Amino acid sequence: MMRSKSPDQRRPPAAMTRTLRERRGFTLIELLVSMALLIVLMVSISEVFTISSDSATRIAADAEVLAASASFRETLSDQVSKMTDGLLVIDCPAPTEPRAEIREGSRFLRLRHDRLVFMTHGDIGEYQSFTDPTRGDPTNVDRQTAGSAEALVYFGPGIPLTRRSIPAQNILSGLDDPILTASEWVFLHRSILLMLETNADTEPSWTPPDMDVLTTMLSGGSLDPGFLDGTMDAVVSSPTPPPTGTRADARTIADIILRKPFSDLLSATPSIAALWEPSLAPRSVTVANANRLDYYTRSGSNFIPHLADFRIEWTDGRRIDPLGPDGIAGSGDEDTRTRWFGLRPDRQFDVNNAVLNNIATTQIPNIAVRRQDVASYGGGRFADSTQEEVDAFRDRIEWDTATGSAPNTAYRAIWRGDTWQYRPKALRFTYRIYDGGNRLKQGVEVDLDEDGDPDPDGTGASRLFTRFGRRFSVVVMLP
């Protein structure tokens with residue numbers, strides 16, 4: 001017969017009771033510690049993903065601006081290599097007032113908007129019209145896209161259009177427009193085809209203007225409306241043959257320029273200023289409405305969005321100071337760097353704290369560095385300059401609005417048939433390209449007067465600014 005257990009025998013020991021109770025769940029402290037560890041882990045993982053995402057974004061943005069710069073450099077080099085004699089213009093208007101790089105950004109930059117104009121000669125049919133409606137329609141085998149071997153080329157800023165294809169405020173006005181920032185500028189490459197005649201199998205409805213339009217532009221007229229809004233990108237010879245009519249070719253244009261007095265070309269209002277007027281630059285394209293300014297056949301120009309602060313300098317290939325102040329070669333005090341001419345910030349301007357505190361309204365002066373200011377022929381520091389060069393550059397090639405330091409100085413150099421032998425050996429282009437999302441940014445010590453001393457000058461404690469995009473510089477040799 002089995003005996004029943006006593007109550008004490010049926011009850012678990014106290015130690016066992018505590019163990020069972022402890023195994024029922026975590027304590028509050030354990031839960032808090034676990035949650036803290038989980039939060040740290042989640043934050044760490046989030047940081048890893050953020051760093052990876054930021055790195056990928058910057059890499060993509062770098063690739064974007066590098067591709068845009070490579071495209072620009074390739075196009076520019078190709079066109080310059082086809083330059084024909086008779087006309088080369090470097091026009092450097094005064095920089096804008098200080099403005100921002102992005103929306104709501106700090107306004108401390110004076111943007112440059114230099115322009116380059118020249119004539120080219122390539123293979124037969126190398127330049128094809130974009131405004132010819134036959135282009136882009138391969139189904140029409142009976143028509144041929146109009147083309148030419150010669151063109152009048154412009155490189156410089158364009159006038160951006162809004163998303164509704166309405167011209168934005170002209171960026172070339174001196175006004176400070178906070179809406180149109182540096183990253184919203186558009187760079188323009190315009191080619192006006194010079195066609196002796198249109199081919200018989202060209203679309204009949206496409207009728208380019210004759211040379212009367214171009215001669216009007218070269219006689220004080222503005223850029224023709226068709227070239228301005230992109231509805232036309234070509235010009236043909238006058239209906240009547242010479243001497244009554246005018247041929248549409250580079251030689252004719254060179255002869256027209258050659259007959260201009262220097263007092264006209266090198267003035268504040270030259271008669272040929274239409275050559276470097278900007279065109280409208282749409283930032284979108286449509287194939288649905290032919291009346292829109294961004295219709296796909298409305299412009300023969302090529303655009304690079306987000307390219308700003310475009311600068312042009314030129315060189316004769318010689319040294320800054322080949323002999324030195326004492327005029328003796330090999331004395332060790334010569335400056336053998338290549339000398340460059342054009343518009344640049346005044347390096348003598350004192351960019352101090354007072355200037356930086358009012359940078360939104362302060363204009364850093366620019367000065368014209370001119371070839372004609374190189375010392376005269378006859379020994380001394382610049383004995384490599386001939387008397388003929390000195391005479392050619394004196395009031396025949398270069399012009400500027402101020403000989404000294406002035407905020408709104410402008411510069412222009414024009415080479416034509418009678419001065420073509422003194423044309424530049426090379427051109428240097430400096431520009432900044434912004435990525436579409438303004439993802440590329442860095443804090444930099446800005447040197448607004450480009451004197452080699454980060455601002456403020458001479459203090460040892462430089463001011464940091466946030467810069468966007470990437471700056472590029474390319475040197476192109478002239479034929």
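Worth pointing out:
- Each peptide in 146-157, 61-72 gets a packing score, the mean of other Cβ atoms within 10 Å over its residues, and the list from highest to lowest is 146-157, 61-72.
- Scaled radius of gyration (Cα, divided by 2.2 N^0.38 Å) that the stretch 49-477 gives: 1.05
- Alpha-carbon Rg with Dmax, taken over the stretch 236-280, Å: 13.0, 35
- Taking amide H atoms as placed 1.01 Å from N in the peptide plane, the amide H of D335 lies under 5 Å from those of D321, L323, G324, each 5 or more residues away in sequence or on another chain.
- Take each peptide in 271-284, 183-196, 247-260, count the other Cβ atoms within 10 Å of every residue, and average; sorted highest first, the result is 183-196, 271-284, 247-260.
- Each residue of the stretch 147-161 is assigned a 3J(HN,Hα), and the resulting list reads x, 8, 8, 10, 8, 9, 10, 10, 10, x, x, x, 9, x, 9 Hz, derived from the Karplus form 6.51 cos²θ - 1.76 cosθ + 1.60 (θ = phi - 60°), x at Gly and Pro.
- Centre separation in Å (Cα based) which lies between the stretch 444-479 and the stretch 301-319: 17
- The average projected area of the stretch 336-479, computed from the convex hull of its Cα atoms over all directions, is 11.7 nm².
- For the stretch 183-331, the antiparallel share of DSSP beta bridges with both residues in that region comes to about 45%.
- Overall form of the stretch 183-333 per C-alpha gyration tensor (a/c, 1.5; a/b vs b/c): oblate
- In summary, the aspartates and glutamates within cross-link reach of K260, defined as a Cα separation below 12 angstrom excluding same-chain residues under 8 places away, comprise D418.
Read-outs: derived from the displayed coordinates by stated rules, not from any lab. What you see is a predicted model; the values in this text were computed from it and never measured. Reconstructed Cβ throughout: ideal geometry from the backbone, glycine too, with neighbour counts over all protein chains shown.
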